[in-house]
């Protein structure tokens, strides 16, 4: 037992050192690394609910977009009138000072984490009563409706978009912006990982698994499934909101359907990454997100214009041929590594029954 | 918010007529959705993109100088084979699996279709001019494009033809038998694989007809498929599988809702209203069923 813990310690400290050193080692790829952190956070928290709880949501993009708009709105609204800001579009009549910028983004991120979690809690009782594919379609509808509605609201820029405050010009270091957003996202990633890891070791995860495997039986065993489902969704929403807030600041421009409530990209990515790595495992989504990001960044530029075709084909292939993902495949191949003991006789008798 | 519509009764008549005529078209797409859902137990997110593809076939004919109304005959024939090929390539692997797999796989197909249509036909909003003119009613205060009346009429003709075909023909009987019990049908000598392929083909053909009609009544754009999928999904869950009159009525209801939402909330919220309606319908049904301690299956 001691030995395992020591191995874990080495692994984690190694990863943290790698994460802290990454912007210096690969200083040209800071934006990509920030993306990677955000993608991992999204995949990991989607998995908590899609993989562990069995509620396959297409709608976590709702919280991502909400977080993005909230961070930017708070950041602007704290110091300047929001309506005039969005109306002026790209031309800036108001400029944030350095202190204002960081205060704004700090408060904004806090708000963007808490409000989506509250929203998830508020709509959770209604939405999480749906099961299986009804839940999937309903959340898909929510995500798209949010995008369409945000595109019609004047104060947050409507169809013409919302320019987030630019990074303070007083900081002359050109690297500062990239580093700031990278470390911010890395911090959120570590936070999310620690939290998810804690959940994996707790009773909460077992309850989520029970809900996934058979919700009626779980209820019959005396578990108040609805309570746990809502909490599970709120955790996802919390981190999705944070991730969205960071991405809004990084991209610098928010469009309702193409950046914020981007169901066609981010909304699908998070599902795909979790499935690619393996639903219902701690490391699966992390590996899936990393692989996917490398694949995307490596291939996208070579097949410019065809990337969505490739994405669609990738979805179909992964879903049909690898629904268990990488970790599921490994688990089937090396079950003893995952601490499973297979009784050959039992396995054979089950095969015959089929 | 704009409540002008309640002050002017003629606007209300206008919106109702538009809504009902449009709703019949939605019902046609929904009927295809119900067919494949009932028979193969899959939910096809690419439904709307099949519709748009069918529309582009009619639009291509229009560009080539043929009247786009002929699309209602040509488009389903082409789309039948598109659907059949799609079944052989992808859908046959998701038929017996979890519904979520079919949702995600068809979502992937939808993305591919959207992008390919974007390449081939361009990202512009297009419409095929039918040149049918408009009908004026009530002292010119209500205008109805004849193309809308034409499209509702053609939808009804095809729907009735399909119902008769399903009742009388051998394939129709096989499809209904497979929907009731695939295993029993197989034992009794129905080639279910063929039935599934034909079902998906018929669904795609229905989408093709609807698309051709949309190309002359509404507008086409590579990325507007998803709202059609959601509309048909909504109609099916309200009407139930295989209940054609209910499908027609709820289709008209949806059309009415959309037109009124368009007037009251404004055009920019139209699609948003459709998606919110989906959420509300699902949530309403969830609460209705939970009174009896049941859930949507």
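Some notes on this structure:
- Tilt relative to chain B, helix B:47-63 - C-alpha long axis, 0 to 90 degrees, to 10: 60
- Taking every alpha-carbon pair in segment A:30-262 and binning the separations at 5 Å intervals from zero gives 1, 7, 14, 18, 18, 15, 11, 7, 5, 3, 1, 0, 0 percent.
- For the options A:74, A:316, A:190, a Gaussian network treatment of chain A with springs between C-alpha atoms closer than 10 Å singles out A:316 as fluctuating the most.
- For the residues of A:300-312, the average number of beta carbons from a partner chain within 10 Å of their own beta carbon is 3.
- In plain terms, the chain from residue B:164 to residue B:143 could stretch by 4.2 nm, reckoned as 0.36 nm per residue minus the Cα-Cα distance.
- Sorted by Cβ neighbour density within 10 Å, fewest at the top, the residues A:268, A:194: A:194, A:268
- Cα long-axis angle, helix A:344-353 against chain A (0 to 90 degrees, to the nearest 10): 90
- The equivalent ellipsoid of segment B:1-156 has semi-axes of 33, 21, 15 Å, largest first, where each one is the square root of 5 times an eigenvalue of the Cα gyration tensor.
- For chain B, Kirkwood radius (reciprocal of mean inverse C-alpha pair distance, Å): 19.7
- Value in Å of the Kirkwood radius, where segment A:1-40 supplies the Cα pairs that are averaged: 11.4
- Angle between chain B longest axis and helix B:192-217 axis [Cα atoms, degrees, rounded to 10]: 10
- Computed helical MRE - 222 nm, chain A, DSSP H runs ≥ 4 contributing -39500 (n - 2.57), nearest 500: -23500 deg cm²/dmol
- Debye log10 I(q)/I(0) at q = 0.10, 0.11, 0.26 Å⁻¹ for segment A:79-165, Cα point scatterers: -0.39, -0.47, -1.26
- Using bins of 10 Å that start at zero, the share of Cα-Cα pairs per bin across the protein assembly as shown amounts to 3, 14, 24, 25, 19, 10, 4, 1, 0, in whole %.
- In terms of other Cβ atoms within 10 Å, B:228, B:87 run from fewest to most in the order B:87, B:228.
- Counting other Cβ atoms within 10 Å as a rough exposure proxy, the listed residues A:88, A:236 run A:88, A:236 from fewest neighbours to most.
- Fluctuation leader among A:85, A:300, A:283 - chain A, Gaussian network, Cα springs under 10 angstrom: A:300
- Of A:66, A:326, A:206, the one that fluctuates the most in a GNM where chain A has Cα springs shorter than 10 Å: A:206
All of the numbers you see were taken from the coordinates with simple rules; none came from a lab. This is a predicted model, so every value here is computed, not measured. Using ideal geometry, Cβ is built from the backbone for each residue, glycine included, and neighbour counts are taken over all protein chains shown.
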